[in-house]
Amino acid sequence: MPIIDFFDRGWASSPDAVAYCTDDESWTYDEARELSCRIGHALLDEGLQREGKVAVLSPNAPLAWICVLGVWRAGGAWVPLNPGNPAHENADLLRRFDVEVLFYDPALADQVEEFVRQGLDLRLVALRPAADVTVLEDWLGGRPSYPPVVVGQQMDDVVAISPTGGTTGVPKGVMNTHRSFSVMVVHQMLALAYTEDEHPVNLAAAPMTHTAGLFSLQTSARGGTVVVVPRATPEHILPAIEKHGVTELFLPPTVIYRLLDVLADRVVDTSSLKYVMYAAAPMSSRKLRAGIERLGPVFIECYGQVEAPAAITFMRPEEHLRDGVVADDDRLSSCGRPYPLVRVAIKDPDEGTVLAPGETGEICVQGDLVMKGYYRDPERTAETIRDGWLHTGDLGRLDEDGYLHLTDRKKDMIITGGFNVYPGEVEQVIWSLPEVEDCAVVGAPDADWGERVTAVVELKPGRSLDEDAVVAHCRSSLSGVKTPKQIVFVDQLPRSANGKVLKRDVRQRFWAAADRAI
């Protein structure tokens, strides 16, 4: 069904309930629906066509997300922008994805001025009052508060053009449709079960321009409340859990690590939590075990990518346990099993044949969850979707019980002395050190081996560790080929807006240095 229908489903059951709130404001379902309808009418009156491109540039805020709902009311395609990106990167996305209208928070006016200087032809609408700009409420005028009619709307219409994470190059524009987003929401509703008398309260802490916004849709479909905080930090997250009785939230692993560090020294009532979704990057088994021991069996793994949004495989809280105790590392390091509306196969990257359980190959996905393609890029679309299968670029294996184990990105695999080394295997060992906050294992140039296994390590605040200790710990669990030959300590690893370590940036540091030395 059209993606906006999920919000309207919640509205129909609870029109007077709080749909979105912050510490300073709240919106009922009626209020949010009426405003989104007025936005939809205004966009159509401006001449927006089906699948017309509209971007939203804002920090986390209910009003910004309601604008996204308005875009969908008009049959448009939402282009998410990360407010933390440099202006030139967002300008490039606006240009390449043919954006016509931009809703923006005046706090980001400097970026908007840069867009104007670059000659971008945009209809600009500010979300809040500011000098000499068109403000949303004035722009809406007396537009109707009932849903507009979009003629000819189809389930395969594009509803979002999302930039890929950019960890391997210039971001591509992933076209998702009513169909693919609907499957994503249904998958999340199946995974995050509630009884009829339970009221879901979702905490949108990670950027709503990314997974947190999409993960709010299953809450809205149930008439629940979405609590919006400005940043994904313990200082914002923990008080919100206590104050609002949060039942579910999505966080990348790196933020969960920081929460656990804080909870080790602070008493916080987290008893309302039913689901803590973790995704966007692999998670340390040791730290996941510590999280279960502190918060209880509330963790739910969600593996997906923008091309198959958020919902390829999942592992429910009870699957993190075996016979009532925390499961072994092999289970905890898995991505769970496929959702019911997709097919997952492990294929030989060269031959394309389906591999047997236990064999490592490329993770391939088939079903209505899969994107329509890359915007204005038929060649890369054809490379990625072949014979009806999405080739994810991720390497992994399925075990005998059907659990998916993610090994690495194909482009992240290290070839050293003719041997293949999967960074994820090495990272799991380094993560098990109690002093380590996070790490990234990459291949650095080596005159003899081609690439040498290199670990870039971020320590917990106030902790210390030396290179020899890391190497010795790895040697106790790994072969000599897999044991890092170089350890580099950094204050902070580079990360995307969604908390994923940017291995491209980590790797580039070493290869750029090698180029300068030639």
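The values are calculated or read from the model by the stated rules, or taken from the named source; none is laboratory data. What you see is a predicted model, and the numbers here were worked out from it, not measured in a lab. All Cβ positions, glycine included, derive from the backbone under ideal geometry; neighbour counts span all protein chains shown.
Which numbered condition trips up T164, out of (1) at pLDDT 95 or above; (2) within 19 Å of V365 (Cβ to Cβ)?
(1)
Based on this model, can you work out whether L259 counts as among the aliphatic types (A, V, I, L, M) and part of a loop (DSSP other than H, G, I, E, B)?
Against the criterion (among the aliphatic types (A, V, I, L, M) and part of a loop (DSSP other than H, G, I, E, B)), L259 does not qualify.
Can you find a residue in the range 510-518 that is surrounded by 15 or more Cβ atoms within 10 Å (Cβ to Cβ) and either at pLDDT 95 or above or not hydrophobic (A, V, I, L, M, F, W, C) (or both)?
No, that holds for no residue.
When you scan the range 349-372, do you find a residue that is among the small types (G, A, S), surrounded by fewer than 18 Cβ atoms within 10 Å (Cβ to Cβ), part of a loop (DSSP other than H, G, I, E, B) and at pLDDT 95 or above, even just one?
yes
Against the definition (under 28 Å from the mean Cα position of the chain (by Cα), surrounded by fewer than 19 Cβ atoms within 10 Å (Cβ to Cβ) and among the hydrophobic types (A, V, I, L, M, F, W, C)), how does V490 come out, yes or no? Spell out the reasoning first.
Working: under 28 Å from the mean Cα position of the chain (by Cα): yes; surrounded by fewer than 19 Cβ atoms within 10 Å (Cβ to Cβ): yes; among the hydrophobic types (A, V, I, L, M, F, W, C): yes.
In short, yes.
Please pick out the residue among S285, S271 that is assigned by TED's automatic domain parsing to the domain that holds A32 and free of Cβ contacts under 8 Å to residues at least 24 places away in the same chain. Please lay out each step first, then the result.
Values: S285 fails: free of Cβ contacts under 8 Å to residues at least 24 places away in the same chain.
It is S271.
If I filter the range 1-39 down to residues being of a type outside the set (A, V, I, L, M, F, W, C) and assigned to a strand (DSSP E or B), which single residue comes out as nearest to the chain's Cα centre (by Cα)?
From the range 1-39, those of a type outside the set (A, V, I, L, M, F, W, C) are 2, 5, 8-10, 13-16, 20, 22-26, 28-31, 33-34, 36, 38; that's our starting set.
Next, from what is left, pick out any that are assigned to a strand (DSSP E or B): 20, 26, 28.
On the way: Y20: 20, S26: 25, T28: 26 Å.
My answer is Y20.
Of all residues in the range 462-484, count the ones that are touching a residue at least 60 places away in the same chain (Cβ under 8 Å) and of a type outside the set (A, V, I, L, M). Walk me through it before giving the result.
Kept after step one, since they are touching a residue at least 60 places away in the same chain (Cβ under 8 Å), are these residues of the range 462-484: 481-482.
This time we only want the ones that are of a type outside the set (A, V, I, L, M), so: 482.
Residues that pass the stated criteria total 1.
Picking from V481, V453, which residue would you name as being of a type in the set (V, I, T) and more than 30 Å from the chain's Cα centre (by Cα)? Step through it out loud before you land on a result.
On the way: V453 fails: more than 30 Å from the chain's Cα centre (by Cα).
Sole residue among the options that is of a type in the set (V, I, T) and more than 30 Å from the chain's Cα centre (by Cα): V481.
For A444, work out the one condition from (1) in contact with a Gly (Cβ under 8 Å, 6 or more places away or on another chain); (2) crowded, with 17+ Cβ neighbours inside 10 Å it doesn't fulfil.
Of the numbered conditions (1) in contact with a Gly (Cβ under 8 Å, 6 or more places away or on another chain); (2) crowded, with 17+ Cβ neighbours inside 10 Å, the odd one out for A444 is (1).
Output yes when any residue across the range 448-457 is in contact with a Leu (Cβ under 6 Å, 6 or more places away or on another chain) and surrounded by fewer than 16 Cβ atoms within 10 Å (Cβ to Cβ), and no when none is. Explain how you work it out, then say what you get.
Within the range 448-457, the first condition is being in contact with a Leu (Cβ under 6 Å, 6 or more places away or on another chain), and the residues that meet it are none.
Checking the range 448-457: not a single residue is in contact with a Leu (Cβ under 6 Å, 6 or more places away or on another chain) and surrounded by fewer than 16 Cβ atoms within 10 Å (Cβ to Cβ).
How do the pairs read when you match residues in the range 98-126 that are of a type in the set (D, E, K, R) with residues anywhere that are part of a strand (DSSP E or B), using Cβ under 8 Å and keeping only pairs 6 or more apart or on different chains?
Cβ pairs passing all conditions: D98/K53; E100/K53; E100/V54; E100/R123; D105/L57; D105/A126; R123/V101; R123/L102.
Please tell me if V125 is over 29 Å from the mean Cα position of the chain (by Cα) and of a type in the set (A, V, I, L, M, F, W, C). Talk me through it step by step, then tell me what you get.
Details: over 29 Å from the mean Cα position of the chain (by Cα): no; of a type in the set (A, V, I, L, M, F, W, C): yes.
The answer is no for V125.
Which pairs do you get when a residue that is among the acidic types (D, E), found in the range 450-461, comes within reach of a residue that is assigned to a loop (DSSP other than H, G, I, E, B), reach meaning Cβ atoms under 7 angstrom, with the pair 6+ apart or on two chains?
Close Cβ pairs satisfying both conditions: E458/Q492; E458/L493.
Just name the residue that is modelled with the lowest pLDDT out of those in the range 407-422 that are surrounded by 21 or more Cβ atoms within 10 Å (Cβ to Cβ) and over 22 Å from T384 (Cβ atoms).
Out of the qualifying residues, it is V421.
If we only count strands (runs of 3 or more DSSP E) wholly inside the range 388-478, which ones have 1 or more residues that are closer than 17 Å to K287 by Cα? Talk me through it step by step, then tell me what you get.
Details: elements: 389-398, 404-409, 414-416, 419-421, 436-446, 450-459.
It comes to 436-446, 450-459.
If a residue must be of a type in the set (S, T, Y), out of contact with any Phe, Trp or Tyr (no Cβ under 8 Å at 6 or more places or on another chain) and modelled with pLDDT of 95 or more, how many such residues does the range 241-274 contain?
Within the range 241-274, the first condition is being of a type in the set (S, T, Y), and the residues that meet it are 247, 254, 257, 270-272.
Add one more test, that the residue is out of contact with any Phe, Trp or Tyr (no Cβ under 8 Å at 6 or more places or on another chain), and what stays is 254, 257, 270-272.
Keeping just the survivors that are modelled with pLDDT of 95 or more gives 270-272.
Summing the residues that are of a type in the set (S, T, Y), out of contact with any Phe, Trp or Tyr (no Cβ under 8 Å at 6 or more places or on another chain) and modelled with pLDDT of 95 or more in the range 241-274 gives 3.
Here is a check on your reading of the model: is V488 at pLDDT 95 or above and closer than 26 Å to P252 by Cα? Break it down into steps so the answer makes sense when it comes.
On the way: at pLDDT 95 or above: yes; closer than 26 Å to P252 by Cα: yes.
Answer is yes for this residue.
Check D269 against each of (1) in a strand (DSSP E or B); (2) under 18 Å from V201 (Cβ atoms); (3) among the charged types (D, E, K, R) and name the one condition it does not meet.
(1)
Within the range 232-251, does at least one residue satisfy the condition of being surrounded by fewer than 22 Cβ atoms within 10 Å (Cβ to Cβ) and either outside the structural domain of D105 (by TED's automatic domain parsing) or acidic (D, E) (or both)?
Yes: one or more hits.
Scan the range 191-224 residue by residue and report those that are crowded, with 22+ Cβ neighbours inside 10 Å, at pLDDT 95 or above and of a type in the set (S, T, Y).
Result: S216, T219, S220.
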